[in-house]
Amino acid sequence: MQTQDKLNDKQLSDEQSREIAETIREELAKRRISRQALAEQAKLSLSTLEKVLGGRRPFTLATTVRLEQALGVSLRKSAVVAAPSAGNDVAPDSLGSYSHRAVTWLEDVYITLRPSFGAKDAIFAYRTEILWEPKVSSLVFREGERTDAAYEHTGEVAVPHQSGFIYLVIIKHGQHRVITVSRPTVAGEMYGIISTLRAGPGSQLTPIAAPIAYVPARNIGDPAVGRIAPDHANYKLYRDHLRRTVEEPFALFLPA
């Protein structure tokens, strides 16, 4: 019995926990059910569910099994591709063959800014962390503090030498989301384009592209996140960053 209890209490790796959390958020969004409802179905406290989905606590095998039974899907999938040999600090060729030492200047916490897809004139702001992940030997990015938490993503960062641009890429179940940004300015900001899908009524999805800016959180006195309306104290600062994307220009949007 003690052996079984230890097995159930086994903590999953950080990578497995991030993968499971992302899958659960997607399932919640697709099924349009609340976290409270899922917690009740899985016989978990809402506090426990919030902590594992927010990355503040790793998943245990017992918690994962309960959530699998409640959702009726398998959550334990390996999202990590074949990793380079231990100690290798060079990213794969598909991401630009960069070494960790060569990209440490990209590791930071950013406030991500783009136009709101649902509210006219509003700006959508959330946190993105870029860091080195030894398990896959590359930079990865992790989104957080999004008001639409079900759509928080973790993905790979490509830094090819030829183009001089940086690509934040998510490929999940064949679906692609690509963010192309400039290399950082002297102040550390990056500007470019996000190409993704906009969720509409029901299950309707529409391709959409928009300007995007990554501003180091340390550059903002009060790095507010969420949907920033025109009357918000940070609105002008955030709007100026987005306008800089097209006015300098770091990216071009051609008329139809």
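The values are calculated or read from the model by the stated rules, or taken from the named source; none is laboratory data. Everything quoted here is computed from the prediction, not taken from an experiment. FYI the Cβ positions are ideal-geometry reconstructions off the backbone, even for glycines, and counts take in every protein chain you see. Ligands, DNA and RNA are excluded from the accessible area calculation, which covers all protein heavy atoms including side chains. Shrake-Rupley method; radii C 1.70, N 1.55, O 1.52, S 1.80 Å.
Descriptive notes on the structure:
- The chain - percent of accessible surface contributed by carbon and sulfur, probe 1.4 Å: 53
- In this structure the chain gives 54 Å² per residue of accessible area when probed at 1.4 Å with all protein chains present.
- The peptide list 182-190, 110-118, 128-136, put in order of mean Cβ contacts within 10 Å with the highest first, becomes 110-118, 128-136, 182-190.
- Tensor-based shape of the stretch 213-256 (alpha-carbon gyration tensor, a/c under 1.5 rounded, otherwise prolate or oblate): prolate
- If the chain linking residue 172 and residue 99 were pulled fully straight, counting 0.36 nm for each residue of separation and taking away their Cα-Cα distance, it would gain 23.8 nm.
- Spin-label model distance (nm) - residue 222 vs residue 206, 7 Å beyond Cα toward Cβ: 3.4
- Once the C-beta distance of residue 26 and residue 121 is scaled by a Förster radius of 35 Å, the resulting FRET efficiency is 0.75 to the nearest 0.05.
- With a simple spin-label model that places each label point 7 Å from the Cα along the Cα-to-Cβ direction, the separation between residue 36 and residue 90 comes to 5.4 nm.
- Highest-first arrangement of 215-221, 18-24, 192-198, where packing means the average Cβ count within 10 Å: 18-24, 192-198, 215-221
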